[in-house]
Structures are given as C-alpha cells and as structure tokens.
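Here is the structure we will look at, set down as structure tokens.
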Amino acid sequence: MTTFNLPDLGEGLPEAEIVSWHVSEGDTVKTDDPLLSVETAKAVVEVPSPYSGVIARLHAQPGDIVATGAPLVDFRDADDKAAPAAKAEQKKQEAKTADTEPARNDAATVVGNVPTGGGMLEETAIAGGGRRRKGGRVKATPSVRTEARRLGIDLADVPPSGKNGQVTSADLANFRSTAAKARTPRPSPIPGRSESLRGPRRAMAKSMTQHRDEVALCTIFDDADIHEWILKRDFTARILRATAAGCTAAPALNGFFNAQSMSHQPESRVDIAMAVDTEDGLIVPVVRNVEEMNLDQIRNEIARIKKATIERSVAPQDMINFTITVSNFGTLAGRYATPLMVPPTVAILGAGKLQHDVVAVMGGIEVHRRIPLSLSFDHRCITGGEACRFLAAAIADLEKPQ
Amino acid sequence: METIADFEIQYSQFLDPAGKPSADIPDLARDADKLVDMYRHMVETRVFDTKAINLQRTGKLGTYASCLGHEATHVGLAAAMQEDDVLAPSYREYGAMLYRGVSMAEILMYWGGDERGSDFAGPRNDFPFCVPIATQCLHSAGAAMAFQMRGEARCAVSVNGDGGTSEGAFYEAMNIAGARKLPVVFMVVNNKWAISVPIELQTATKTLAQKAVAAGIPGIQVDGNDVIAVRHWVERALARARNGDGATLVEAVTYRLSDHTTADDASRYRKKGEVETAWKLEPLIRIRQYLTDIGVWDEKKEQALLAEAATKVDNAVQSYLNTPKQPIEAMFDYMYKELPEFLEEQRDHAIQYGDNDGGHHG
Amino acid sequence: MAEVTLIDAVTMALAWELEHDSRVVVLGEDVGVNGGVFRATAGLQTRFGAERVLDTPLAEGMIAGVAIGMAAQGMIPVPEIQFMGFIYPTVDQIINHAGRLRNRTRGRLSCPMVLRAPYGGGIHAPEHHSESTEALFAHMPGVRVVIPSSPARAYGLLLAAIRDPDPVIFLEPKRIYRLNKQNVEDNGKALPLDVCYTLRQGTDITIVTWGAMTFETLKAVDQLAKSNISCEVIDLATISPIDYETILESVEKTGRLVIVHEAARTCGVGAEVAAIVAEKGLYDLKAPIRRVTGYDVVMPLFRREMDYMPSVSKIVDAVRETLDD
C-alpha cells in the first residue's frame, strides 16, 4: 500500500480544500492521470497522479480541508514507472483555451517556496540608542578572570590598579600575598583631600619603590664616642671624613652593583651624597672626591652646598653619580635607623641624634657624647665582614680628637 | 550630409505554421534523416519537460523553468553544432543540452538541488546552466578566444533571452567578439517575455538581431518555431566563424508558452488570447506536418516515438528519484582543488552536526 | 492596525512614501504589472501609475546607475534588485558612486536612494537565489545596510531608509517574508536607524544576530531557558553602521557574547562585532567570543542548504560552550 500525501504545491500554503476527485476507489490509474482538483487561497489546482496503480482509499471528501503533507490517497500495487507521459503531451499539443485552463494560484514567488506560517509574531523589541555603559562591575581581562577562578579569588575583593579600572595580574598577585596575612581593614583616606606628589617627594617615592623591589637590606648599628673631640663642631664634615675612611678600609662599599649582570664596580673616588632635609622634602646633593679633602675643605664644600640647596640652586649634575650616601638624620630625634641606599649604590651611613650616654670606663661610669651610627648595606654584594670593617674604620676616624 | 553607415536585418522562415515550405527552402529540407532526427529530439524534449513540471507539482522537484514552445530553437541550434564546439546556455535550453548528450537525469538533479547535475558525463566542456542573466555570453566569447588562440576549428555558442539583451554583459560580449573576430554565435531566443516584462518594454529596437550592428557583426532574425530555419542559419553562422570570419547574432523569434518557472503565474500579466494564438504557431505541429507531407512520418511512428520517449523519461525519473543525497562534506570538497587547512575544522563541524535537511524552514 | 507579514509591511511602507512624497519612484524588473516576484510592490502601479512604479529592462547595473542619477537630481528612487544573487553588477555603481557622491562633491550632490533586495536562503530555491553577502556592502563607506527581522521593523526601518538623505541597501530576509504576521499600524512612523533592537532581555549571555536567524536564535534561547540559562538577544537591524554601545552595555552585564549569522564566516559582519567588543569591552568578557555562521563554502543547492546554515542545535551548543569557559 502506498500513500500519497498532499504535496507542497509550490505555493507555500499549509493546506488546501478538496474540490473534486477525478477518480474513485477501485479505479485503475496511470501516472500523470488527473487525480483531483484542490483549491488553495484563490483558485483551483490540478494534481496529477504520481503513480500507476489501483485507488485503494481516498482520505478526504470534497469540501474537506487537508493539510500539506497529510494523507490524500492510498494506492494498491503502486508503480510510477509506466507513465503515459504521451497522454499529457497530447493534451499540451492541442491549442488550449484559457477557459479550460484553471486559474493558477499566486505562488507569490518566482522560485522556490516561501514558507507561510500564518501565526502571529509575538515580540517586544527595545530600540537601542543613547545607551551607555554604567561601570560599577568588575573589569578584568579573560586571562585574569581565569587566573582568579583558579586561585579561588573573588575579583570583587581585589583592588584594581589598571589604567581602565581593571584588575591586573599584578593586582591579583599582590592580593594573594596580603591575603595570607591577617586582614585588617585598610584605612581609607577621606576622598578629595589628597595631593599629588611633586618634585623631590615624588622622586623619593620612586627611588624608595625601586629600593624596596631590588635591595637586600642589612643594617649594623654602633656608636662613635666623641668625648675626646677638641672642637665640638663640624659634625657633618667629620662624618663625611669618617665615611671616606670607611671606604678606604672597605672599598667594596663605595661603588655600584648591577643585578642584571651580577657585577660589582667599586670606585676610587668617594663621591658622597649628603641627604639634606628641606621644606620641599629630602634632596641629596653630592660632595665629590671626599677622599682627597682635608677637614677644612670638606667643611667649606658642605657650607656651599647647603646654601645652594636651600636656595634650590643646586645644579642637576651635582645631584647625580655619587658612590655612597650619608644621612645625618638625627638632627631632631632618632638614634638608630635602617636608612635605604639608592641603587646602584650599595651603602648608606646614617648618623642619629647626638647623645649624652652613660658609658662604662675602666674603673667607673662616665657621661660621654656619642654619635649613634647605622650602616645599611646591600647584602646582595656586600658581606657583613666588609660592612663591619667599614664601620670600624669610620668609628675610629670619628673618635679622633680632630 | 551623406549617409556613411546603414543597416539591414533579414528575416527567414522556411516552414510556415502549417508546415508548408517556402520557395527558397534549403537542401537541409530534403535530408529526411536529419529532419526526423531533429523531430525525435523535439518530441522527447517536450515529453521530458511535461514530466518535469508534474514532478514539481507532486513535490519531487524544486522550482523548474519549462521550455515549452522552444523546442525548434533549442534542438535546431544544437543540431547545427559540432561535437567539440562548446555551448553556454542560460537555464531553459534542455532541447539543446539533451541533443548534445546531457542526460535527463542530470537536468532533474540540477533542479532537484544536487550539484552533480552539472557534472555532465557527456559534453565535458559545455558550460552548466547559467542563472545570472547574460553572463554566459561573456563566457562563450572567452571560450571562442581560447579556440582562436590555440588555432582550433571549434566554436562557442551562447544562448540568452530577450531580457538578456538588456544586460551590459550581452553588449560587452558581442563587442569583443566583433573587435577580435571571435568564433562565436550569439543565439538570442526572443520568446517575447522576461518574466512579466514584455518585449515592448524591454527595448526600443524593432528586432533584437539589429543589436549586432552596434558590435559590428551580422545579425539575422529567423522564425524560432521553424527548426529548419534555425538549423540552417546557425550552421551558416558557425561555418562563418570556423572560417575565421567572426561572430554572428541569430535571433530566433518564438513564444514562451509556459510560465517563467513553476512558481510563476503568467496569467497575472498575459492576456488569454495571446497565449491561444501562440499555440497555433508552435514548433512541433509544422515539422510533423511537413514530415508527413513528404512521406517519412505517420501516426504509427508518432505513437511509437511517444512511447519510446515516455519510457526514456520514466527511466531518467527513476534514476533521479533513486539517487541518494550527497554526503554533507561534499559542500566542502569542491571549493578548491586542495581543501585549505582552515576549512578542515568547518568540514568536521558540519559532519558532526549531521543531516539537518528536513526540507525548507517553516 | 492590520495583521501583516513582512512583505506586506514592505508594500505598506512603499505605498506610504509614494503617497506622501512625490519625489519617490519605485523601479526594477517585474515590479510594475507583476507587483514584484515576491509581490513586494503588488498593487502599487495600479494605485500610483506607471510613471511612479516602473518596469525596467533587465539590467542590474543600469538599475543602480540610473537610480544614482535620479537621486543626484532631486528624486528619491527606490530600486529593487530581484535577488541578492543578482546584485553584483550594482557593486560598481554603489561603491564608486552612491557611497562617494556626497563626499567627493563636499556635500553639493548627494544620493538619497534605497536599493532593496530579497536576501538569504532557506526557500528551496535554485542556484544564486540564496545569497547572504551583506558584508560586501557593510565594508563600503558612505553606504548604510539595513536588515529587518519583523513586519514592524520592516515597515518602520524602510520608512526611515527612504527618508534618510544617504544611500541605504535594504536587504529583506525572504525566508521570513510570510512566516508570521504582526500588528502594524500604517501611520507613517519610522523607526530609528543606526540602533540595535533588544528582542529578549537576559543576564547570562548576549547573542547578537539579524535577519531570519533571529528565529533560530529565539528558538535556541527558549530551549536554553529550560536549563535556566538567561540569554539577551540583540537584533543588529542596522548592519552598518553598527550601534556598538548597545552591544557593549549588554556584554558589560553578561560578560559573554555569541554572534549568529547565516552568511559565511570569514569576514562576515560577525567578525566586526567581535573585533569591536574585543577592543572596547575586553575587560567585561569572561569567555571568548563565538560566532555561529554559515560555512566558508558556496551555499549548497537546496538539498543541503539547511546543513550549511546555523541551526538551533549549533546555536545552543555555542552558548553552552561559552558558558562553560
């Protein structure tokens, strides 16, 4: 049994109404014999038989509406080979009058089959235009997001430092290290009251950042007993001379370390950067070739530089290319410190506030004036022994009567 | 003022609509074998065409463009060609293609949505159907250029309709054919209608043949329903081309008895009386009458021919219906000679998603 | 208010403009007596006459070039190209002239025209009748490309296109010409060009699409909703220039993007959308952008055309993969 379904009539319509059958059940038909007339939206279409065979069953009656693809006719012994195409050809050969040709339904296309649904389109459509991003959501590249997910970190907790407000991979790394410690609430500055760092302060922020990132800081603390000084003055000059003495004793501390090339370059000249505190912050002019100067010369040079510094007339070339630093920080307060040298130099000698200390002497106790000293050195290339030798020589020079 | 250029277009008909020969009928008309051969092909073409329409109406073929009424033009032009000439058709010339060895099944495959229908087993060098109007005219000029450059005695023939003569490509093809004396014949089938646009709206010229004048090549108008006239003049044009004398335009005047395609409804824009009149001029009647009059045809032969044609058509239909779809990867495998690497991923993706074709969306 | 199909809406919009603007002329092959091969211009020649709705000879380059000439001289031509497969002879005229006229005359001459063409596949048509090459025109400066996906948008956007002072390529997805009806009031109200239309609001992923693919996409979205996946669906509508702010705002919300288009993948308009979001919305993305597209092959003949096109399952899978990233 072969069933012929209502074919797609090439008109895209979902159904057709049976107008009349040209065959009855039990009839024998040949392929292309007229089978039935169907009516679509406007007019009548003739459907030819697709097979030869015997009509077993008609599935619809005139007046019925049949859906496209639904069963129309059952054929017994269907065979679509022996086609009397000749008959159809004969028909065509005769002049046709338009009266006998049924009006064709409008397929409303010239090729193919435009599907007709007939259903209603239910939709809402919001026109864009004037929409802008709101911000307020976490921003990060997909790679950072993946990394955060892998680490189990909620990106919303990570303070962003990216130029576009995004969380960077560095931010993530920082967060990891701080997260390991007990988290205390970060103090929040009151918005609107910060001011940008400028000039020397800005430079300090930058150089300290560099120091922190690079140097292996170690500091040795000691004191120089100056009660035997004849003249109680020239502290800064004496400290500079003492520094030069330390450099002579331990030349390694007077020079540069290059971490990239892992190389150390000690210098013979002792150019000491002398930290001076000004209203604008710390500036560090350089006293050059201290190893060649006597105390008077050092004193005069210091005076000249201090005046120029306070007047802000220090030339740029006077601030660069030093080999070691001295910080006379203790003018107001502070005994010892862990001063930070500026890479690529490897040492800095800090002098704290002059003290009247109770010291033990042979046979008793005395009160001596002493200068507290803090020698910081870069332990990546300077050994403790070298640092101690430096300090011992500097103290020895400082303790001389003149 | 003196006239420095002039033109003249001749019209030729050897058999009138009733099949009566004119006085100047050529020798071809005495060659019964040739005539019967052409008639057989014309009948076969019509039987095939009718069946194809029925296949579309029963949902077994996609949109199809019928050639009803064009049998003399199509068979006549192909019968004039040599085997190693090249044909560049539009999308309606089944009579020509079947004559030249394209199979009925291949034509059905094409309209049935399968590219293998254009992989002709027969005329390997013929161009496939061409849908963008008149672009095939340039291809025939190009083929002719190749033959000329290689010194081969081969010709190219393109076929386009009255609508196609408005396209730039048509003029461009004729122009270069004229300038370079290319061995090409431009067959213009004037069936009076370009979908719904009648010839009167298509152009201001009285004939389409005279468009050849603009290209400096000869043009002739023939009765496209007279297979003797069509063959005779195409043979002459091809001989001219093969002789190195260049291109010709042959306009065959006929009528599109069918709709533009099975999805078109010509009754929307054509008057009923016009179609009726055209049926009286149709090509099969007159050649059959002439063959009968000269004693080489009769009703018995007619019935035998019809039966034979029906069988041939039905065999082709079976072959077509029984051909399974191409595998999915076939859409990738003929893009380039070698499949580029970047397409391999897409090919795998397509195979992975498998068969999705349940007909069109709806 | 009438229940109309997309093609009806096109007819309505054309009729409105023909009636209210005497400069408007419709021209093309078979548009007059026959009312267009898809009936887009049905009844218009009867109503407005053969001098306002013209049947032209068969030549696409001519149709585009003549329209440009008319537009430059004060008319508003609305030419039709019968199928996108036959639009290519117009490319010379559109690129070299329509898109350049205002610019190269510093505004002295301009080209207010709308070139309409049915586009896209899925109607079981012969070769060349299923093209989706909107990217060609999207790449041309000076030219707008608009693709409606509903009767209401076809009406409103076509009105806007005809009223726009610059050339518009208006591509109508033929597969949905008659698929559905919608209530559209014939009131001459245009919809804005250069904006996207959000068809569905959602929070988990943004899907950008256009044309007939909006239907497959919405079906996929309904399927995904059963798994509690909430998708935002944006119809590009104006393919060029793209309203990327709407897309970026959506991606900011969802963090994920899938683009669906029928046209072939390489250098399709989806690539442009992806590039914009990668450039301006990278920090909002949680996953790679995916495109579900036609393959980089010639559209197969109709036996295999549905295997070529994006399907509901291909879209669903792409969304799931993007959510898994």
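In a Gaussian network model over chain B where Cα atoms closer than 10 Å are linked, find which of B:GLU83, B:GLU308, B:GLU274 has the largest mean-square fluctuation.
Checking each option, the largest mean-square fluctuation is seen for B:GLU274.
Normalized C-alpha radius of gyration of the protein assembly as shown, against 2.2 N^0.38 Å? Could you put the intermediate results ahead of the total?
Numbers: Rg = 45.0 Å, N = 1089, 2.2 N^0.38 = 31.4 Å.
So the protein assembly as shown has a normalised radius of gyration of 1.44.
Among A:ILE302, A:GLY384, A:PRO266, whose Cα lies farthest out toward the positive end of the dipole of the protein assembly as shown, if unit charges sit on the beta carbon of Lys, Arg (+1) and Asp, Glu (-1)?
So the residue we want is A:ILE302.
May I ask you to list the lysines whose Cα is less than 18 Å away from that of B:LYS301, ignoring any residue fewer than eight positions away on the same chain?
A:LYS87, B:LYS34, B:LYS312
Share of antiparallel DSSP beta bridges in chain B, in percent to the nearest 5? Don't jump to the answer; show the numbers that get you there.
On the way: 3 of 26 bridges.
Roughly 10 percent of the beta bridges in chain B run antiparallel, per DSSP.
Using a/c under 1.5 as the rounded threshold, could you call region B:11-323 rounded, prolate or oblate? The axes a ≥ b ≥ c are square roots of the C-alpha gyration tensor eigenvalues, and prolate needs a/b larger than b/c, oblate otherwise. Spell out each step's value before the answer.
Values: a/c = 1.30, a/b = 1.18, b/c = 1.10.
Here region B:11-323 falls in the rounded category.
Give the separation of the Cα centroids, region C:275-307 to region A:225-262, in Å.
So the separation of the two Cα centres works out to 71 Å.
Measure off 7 Å from each Cα along the Cα-to-Cβ vector at B:ASP298 and B:ARG116, then give the distance between these two points in nanometres to one decimal.
Between B:ASP298 and B:ARG116, the label points sit 4.4 nm apart.
What's the long-distance tail for region C:2-184, i.e. % of Cα pairs beyond 29 Å?
Details: 2117 of 16653 pairs.
Result for the distance tail: 13 percent.
Taking 18 Å as the cut-off for C-alpha to C-alpha distance, list the pairs among B:LYS192/B:LYS272; C:LYS174/C:LYS314; C:LYS181/C:LYS226; A:LYS139/C:LYS226; A:LYS232/A:LYS400 that go past it.
Values: B:LYS192/B:LYS272 15 Å; C:LYS174/C:LYS314 22 Å; C:LYS181/C:LYS226 26 Å; A:LYS139/C:LYS226 30 Å; A:LYS232/A:LYS400 12 Å.
Beyond 18 Å between Cα atoms: C:LYS174/C:LYS314; C:LYS181/C:LYS226; A:LYS139/C:LYS226.
Under a plain spin-label model, where a point goes 7 Å from the Cα along Cα-to-Cβ, how far apart in nm are B:GLU200 and A:ILE230?
According to this spin-label approximation, the distance is 13.5 nm.
State, in angstrom, two size descriptors of chain C derived from its alpha carbons: Rg to one decimal place and Dmax to the nearest whole number.
19.4, 60
Taking just the C-alpha trace of region A:294-402, give me its Rg and Dmax in Å.
Cα-based Rg and Dmax for region A:294-402 come out at 16.4, 54 Å.
When the Karplus curve 6.51 cos²θ - 1.76 cosθ + 1.60 is applied with θ = phi - 60°, which whole-Hz ³J(HN,Hα) does each residue of region A:219-229 get, with x for Gly and Pro?
Karplus-based 3J(HN,Hα) across region A:219-229 equals 10, 10, 10, 7, 10, 10, 8, 10, 5, 8, 4 Hz.
Given the convex hull of the Cα atoms of region A:199-398, what is a quarter of its surface area in nm²? If you can, show how the numbers build up before the last one.
Numbers: hull surface 45.7 nm².
Computing the convex hull of the Cα atoms and averaging its projections yields 11.4 nm².
Hey, what do the phi angles of region C:149-166 turn into as Karplus ³J(HN,Hα) couplings, whole Hz, using 6.51/-1.76/1.60 and θ = phi - 60°, x for Gly and Pro?
Ordered by residue, 3J(HN,Hα) equals 10, 8, x, 4, 6, 4, 5, x, 6, 5, 4, 4, 5, 5, 7, 6, x, 10 Hz.
Provide the per-residue ³J(HN,Hα) series for region B:43-51, in order, calculated from phi with Karplus coefficients 6.51, -1.76, 1.60 and θ = phi - 60°, each as a whole number of Hz, with x at glycine and proline positions.
5, 4, 4, 5, 4, 4, 4, 4, 5
Would you mind giving the mean number of other chain beta-carbons within 10 Å of the Cβ of each residue in B:265-276, as a whole number?
Details: counts 11, 2, 7, 8, 6, 2, 1, 5, 2, 1, 5, 6.
Other-chain Cβ atoms within 10 Å of each residue's Cβ, averaged: 5.
Gaussian network model of chain C, Cα springs within a sub-10 Å range: biggest mean-square fluctuation belongs to which of C:VAL78, C:VAL297, C:VAL312?
Of C:VAL78, C:VAL297, C:VAL312, the most mobile in the Gaussian network model is C:VAL297.
How far is helix B:71-80 tilted, in degrees, relative to the longest principal axis of the Cα atoms in chain B, given as a value from 0 to 90 rounded to the nearest 10?
Once rounded, one gets 80 degrees.
Where in chain B lies the longest segment free of trypsin sites (Lys or Arg not before Pro) that are both loop residues by DSSP (not H, G, I, E, B) and have at most 15 other Cβ atoms within 10 Å? Mind showing how you got there, number by number?
Values: sites that count: B:ARG124, B:LYS206, B:LYS271, B:LYS325, B:LYS337.
Longest gap between qualifying sites, sites excluded: B:1-123.
Which value at 222 nm does the protein assembly as shown reach when only helices count, each DSSP H run of 4 or more adding -39,500 (n - 2.57), with the total divided by all residues and rounded to the nearest 500 deg cm²/dmol? Write down the numbers at each step before the final one.
Working: 32 runs with 366 residues, N = 1089.
Value at 222 nm, helices only, nearest 500: -10500 deg cm²/dmol.
For region B:196-298, what size does the Cα cloud have along each of its three principal axes, sorted from largest down, in whole Å?
46, 44, 24
Quick one: order A:SER327, B:SER267 by neighbouring beta-carbon count within 10 Å, fewest to most.
Values: A:SER327 24, B:SER267 17.
So the ranking, lowest neighbour count to highest, is B:SER267, A:SER327.
Normalise the Cα radius of gyration of region B:228-362 by 2.2 N^0.38 Å (N = residues in it) and let me know the number.
1.73
What is the set of long-range amide H partners of A:PHE256 at a cut-off below 5 Å, with H atoms built 1.01 Å from backbone N?
Those lying under 5 Å, H to H, from A:PHE256 are A:GLN265, A:GLU267.
Taking every residue in A:251-261, how many Cβ atoms of other protein chains lie within 10 Å of its Cβ, on average?
0
Compute the distance in nm between two label points, each set 7 Å from the Cα along the Cα-to-Cβ direction, one at B:ASP33 and one at C:SER313.
6.0
To the nearest whole number, what is the average tally of beta carbon atoms from other chains within 10 Å of the beta carbons of peptide C:174-186?
On the way: counts 5, 6, 5, 6, 10, 10, 8, 6, 4, 2, 0, 0, 0.
Across the residues of C:174-186, the mean count of other-chain Cβ atoms within 10 Å is 5.
Please state, as a whole number in µm²/s, the translational diffusion coefficient that the Stokes-Einstein equation yields for region C:36-84 at 10 °C and 1.306 mPa s, with Rh defined as the Kirkwood radius across alpha carbon pairs. All intermediate terms of the calculation are to be shown ahead of the outcome.
Working: Rh = 11.8 Å.
Value of D from the Cα-based Kirkwood radius: 135 µm²/s.
Which longest run of chain B has no exposed loop site in it, a site being chymotrypsin sites (Phe, Trp or Tyr not before Pro) in a DSSP loop with at most 13 other beta carbons within 10 Å, and the site itself not part of the run? Walk me through the numbers before you get to the answer.
Numbers: sites that count: B:PHE7, B:TYR334, B:TYR336.
The longest uninterrupted stretch comes out as B:8-333.
To the nearest 0.05, what FRET efficiency results for B:GLN10 and C:ASN96 with a Förster distance of 45 Å applied to their C-beta separation?
Working: r = 41 Å, r/R0 = 0.92.
The computed FRET efficiency comes out at 0.65.
By average Cβ neighbour count within 10 Å, what is the ranking of B:136-145, A:360-369 from highest down? Intermediate values should be presented prior to the final figure.
Values: B:136-145: 23.8, A:360-369: 9.7.
Ranked by mean Cβ neighbours within 10 Å, highest first: B:136-145, A:360-369.
By the gyration tensor of its Cα atoms, with a ≥ b ≥ c the square roots of the eigenvalues, what is the shape of region A:301-340: rounded for a/c under 1.5, prolate for a/b over b/c, or oblate? The partial results should precede the final answer.
Values: a/c = 2.85, a/b = 1.54, b/c = 1.86.
Judged from the Cα gyration tensor, region A:301-340 comes out oblate (a/c at least 1.5, b/c at or above a/b).
May I ask you to order A:305-315, A:219-229, C:79-89 by the average number of other C-beta atoms within 10 Å around their residues, highest value first?
Values: A:305-315: 13.5, A:219-229: 16.5, C:79-89: 23.3.
Packing proxy ranking, top to bottom: C:79-89, A:219-229, A:305-315.
Could you let me know the centre-to-centre spacing of region B:233-259 and region C:21-47, using Cα atoms, in angstrom?
That distance is 36 Å.
Taking the beta-carbon count within 10 Å as an exposure proxy, list C:LEU136, A:LEU197 from fewest neighbours to most.
Values: C:LEU136 18, A:LEU197 13.
Fewest-to-most ranking of C:LEU136, A:LEU197: A:LEU197, C:LEU136.
Any chance you could give the angle, 0 to 90 degrees and rounded to 10, that helix C:244-254 forms with the longest Cα principal axis of chain C?
20
First check a/c for region C:252-325, with a ≥ b ≥ c the square roots of the eigenvalues of its C-alpha gyration tensor; if it is under 1.5, answer rounded, and if not, answer prolate when a/b is larger than b/c or oblate otherwise. Walk me through the numbers before you get to the answer.
On the way: a/c = 3.80, a/b = 1.78, b/c = 2.13.
Taking the square roots of the gyration eigenvalues as a ≥ b ≥ c, region C:252-325 is oblate.
Rounded to the nearest Å, what's the spacing between the alpha carbon centres of region C:2-18 and region B:136-154? Just the number, please.
About 49 Å separates the Cα centre of region C:2-18 from the one of region B:136-154.
Check which residues have an amide H placed less than 5 Å from C:VAL145's amide H, if you skip close sequence neighbours.
C:ILE169, C:ILE239, C:SER240
Of B:SER12, C:SER130, how do they rank once you tally other Cβ atoms within 10 Å and put the fewest first?
On the way: B:SER12 18, C:SER130 29.
Arranged by neighbour count, lowest to highest, B:SER12, C:SER130 become B:SER12, C:SER130.
A short reminder: the numbers here are calculations on the coordinates, not readings from a lab. Keep in mind it's a predicted model, so treat the numbers as computed, not measured. When we count neighbours, we look across all protein chains shown, and the Cβ atoms used for this are built from the backbone with ideal geometry, even at glycine.
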